Amino acid sequence: MGRIISVLTFCAVLAFSCSLEAHAEVTAADLAKYDLASGEPVYNASCKGCHATGIMKAPKTGVKADWTARLGQGMATLVKKSIDGYKEEGLMPARGGDPDLTDKQVGDAVAWMVKQIL
């Protein structure tokens, strides 16, 4: 009996955490927190080289299918991974490879890219 309760508790916690993750979906309200006009020139200077072509498995700008799984992570996670860099599927260099970019500039560029598919 105790084992059944433990399994049920685990399943309930797992289901709850998955439901929270599903609510992380990026919305237009999330994008309103960023300066999209400032993000476009940053994208053109630092992001376009990979995101226009999909180099290193970068999600291509304007291709919704490339972004669908990422959007479920939420805007804060997308921006954090772009600032810090990561090596999950492909390679995202920290700050798009430009250490001079501020957190705000990176966030604005990510928001500009996301706006292209919302």
Matching residues in the range 80-103 - criterion: being over 16 Å from residue 50 (Cα atoms) and either buried (at least 21 other Cβ atoms within 10 Å of the Cβ) or in contact (Cβ under 8 Å) with a residue 60 or more places away in the chain (or both): 101
So residue 37, is it modelled with pLDDT of 95 or more and more than 16 Å from the chain's Cα centre (by Cα): yes
Number of the exception - residue 68 against (1) under 10 Å from the mean Cα position of the chain (by Cα); (2) exposed (fewer than 15 other Cβ atoms within 10 Å of the Cβ); (3) in contact (Cβ under 8 Å) with a residue 60 or more places away in the chain: (3)
Number of positions in the range 59-118 that are acidic (Asp, Glu), farther than 16 Å from residue 36 by Cα and part of a helix (DSSP H, G or I): 2
Residues that are part of a loop (DSSP other than H, G, I, E, B) and at pLDDT below 50, drawn from the range 1-34: 23
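Looking at 75, 92, 56, can you tell me which residue is in contact with a helix residue (DSSP H, G or I) (Cβ under 9 Å, 6 or more places away or on another chain) and under 21 Å from residue 29 (Cα atoms)? Spell out how you get there, then give the answer.
Working: 92 fails: under 21 Å from residue 29 (Cα atoms); 56 fails: under 21 Å from residue 29 (Cα atoms).
Of the residues listed, the single one that is in contact with a helix residue (DSSP H, G or I) (Cβ under 9 Å, 6 or more places away or on another chain) and under 21 Å from residue 29 (Cα atoms) is 75.
The values are calculated or read from the model by the stated rules, or taken from the named source; none is laboratory data. Here the structure is a predicted model, which is why all the values come from computation and not from measurement. A quick note on method: Cβ atoms are made from the backbone with ideal geometry, for glycine too, and the neighbour counts reach across all protein chains shown.
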